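Below is one structure; the comments refer to it alone.
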């Protein structure tokens, strides 16, 4: 799952300009423990990959994990629209969740699995 998120980040990361005029292009990753995420005494581990670039449109965010879906902002990039669906299906099988979060300069894709 992580490899797919990294692959997408490498493909879709774009340079952005900060409010101070600085040009920035980056990818970051990490993980954190989320106590009781899946219920009392059932911790989760959140893995994420963040990158700079434009946000996914609000009206498209609920579709990004659907089979074959490709966002309107990436039509010029190669891909099939199956990678995020693969991640979602695998994480679902393990009782976890997947998601997307807009960040100040880009976005964060993540999955949370039971510890």
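A few comments on the model shown:
- The fewest-to-most ranking of 43, 36 by surrounding Cβ atoms within 10 Å reads 36, 43.
- Springs between Cα atoms under 10 Å define the GNM used for the chain, and in it the highest mean-square fluctuation of 52, 18, 85 occurs at 18.
- Applying 0.36 nm per residue to the separation of residue 38 and residue 15 and subtracting their alpha-carbon distance, the gain on full extension is 4.7 nm.
- Cα-based helix-to-principal-axis angle, 83-93 vs the chain, degrees rounded to 10: 10 degrees
- Estimated [θ] at 222 nm from DSSP helical runs (n ≥ 4, -39500 (n - 2.57)) normalised by residues in the chain, nearest 500: -6000 deg cm²/dmol
- 109, 65 arranged by Cβ crowding within 10 Å, fewest neighbours leading: 65, 109
- Cα-based shape type of the chain, given that a ≥ b ≥ c are square roots of the gyration tensor eigenvalues and the cut on a/c is 1.5: oblate
- Largest GNM mean-square fluctuation across 23, 88, 11, computed for the chain with C-alpha springs under 10 Å, falls on 23.
- Rounded to 10°, Cα long-axis angle of helix 2-12 versus longest principal axis of the chain: 20 degrees
- The distance from the alpha carbon centre of the range 84-105 to that of the range 1-16 is 14 Å, rounded to a whole number.
- Considering only alpha-carbon pairs that sit under 8 angstrom and 6 or more positions apart, the relative contact order computed for the range 4-55 is 38 percent.
- Length-normalised contact order for the chain - Cα pairs under 8 Å, 6+ apart - percent: 27 percent
Computed from the coordinates by the stated procedures, all read-outs in this text should not be read as laboratory data. Since the model is a prediction, treat every value here as computed from it, not as a measurement. Ideal geometry is used to build each Cβ from the backbone, glycine not excepted, and the neighbour counts take in all protein chains shown.
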